[in-house]
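Only one structure is covered here, and it is reproduced in the block below.
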Amino acid sequence: MSRKAYFIFNLVTGLLKGAALLSIVLWLLPRWEINIPVWGLIAIFAAFLTYEIVTFRIGRRALDKKPVIWPEAMAGRCGKATTPLAPDGYVQVDGELWHAFSIEANIDEGDEIVVVEMDRLTLRVALPGKK
């Protein structure tokens, strides 16, 4: 997602969340006879604005980060099938859950696997000794 698209998305969703919060505070709470003083409203919206700014900055940094794992580093790693691969399912490699595709016949849950290659975020796996 580009920076401009990310900014527009966050702006629109922030406005929608702000409108929902405003409608709750100004419409719903008074119906239940809960009245918040003006200083309380200011504090609520200051906290909301702070939350939006912090999550925007953290999210932008996360999207700008380069991947830590590259395809060449994954090839040859061993793991275990957490679901049956017939031909696709999930495997656990180095404590992380990955979507995987078996390059051979079906692999049962609990079988040891070896990563043959990585295609985007999908691992192509085989049984050990059958690469």
What number of residues in segment 72-123 are part of a loop (DSSP other than H, G, I, E, B) and basic (Lys, Arg)? 2
Looking at Ile34, is it at pLDDT 85 or above, over 27 Å from Leu121 (Cα atoms) and not in a helix (DSSP H, G or I)? yes
Could you look through segment 113-128, keep only residues that are surrounded by fewer than 14 Cβ atoms within 10 Å (Cβ to Cβ) and in contact (Cβ under 8 Å) with a residue 12 or more places away in the chain, and pick out the one that is farthest from the chain's Cα centre (by Cα)? Pro128
Which residues, taken from segment 55-72, are more than 19 Å from the chain's Cα centre (by Cα) and either surrounded by 12 or more Cβ atoms within 10 Å (Cβ to Cβ) or within 17 Å of Ile8 (Cα to Cα) (or both)? Pro71
Scan segment 12-20 and tell me whether some residue there is farther than 30 Å from Asp119 by Cα, part of a helix (DSSP H, G or I), free of Cβ contacts under 8 Å to residues at least 12 places away in the same chain and among the basic types (Lys, Arg). no
Is it fair to say Glu52 is within 30 Å of Phe9 (Cα to Cα) and not basic (Lys, Arg)? yes
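The values are calculated or read from the model by the stated rules, or taken from the named source; none is laboratory data. These numbers were taken from a predicted model, which means no experiment stands behind them. FYI the Cβ positions are ideal-geometry reconstructions off the backbone, even for glycines, and counts take in every protein chain you see.
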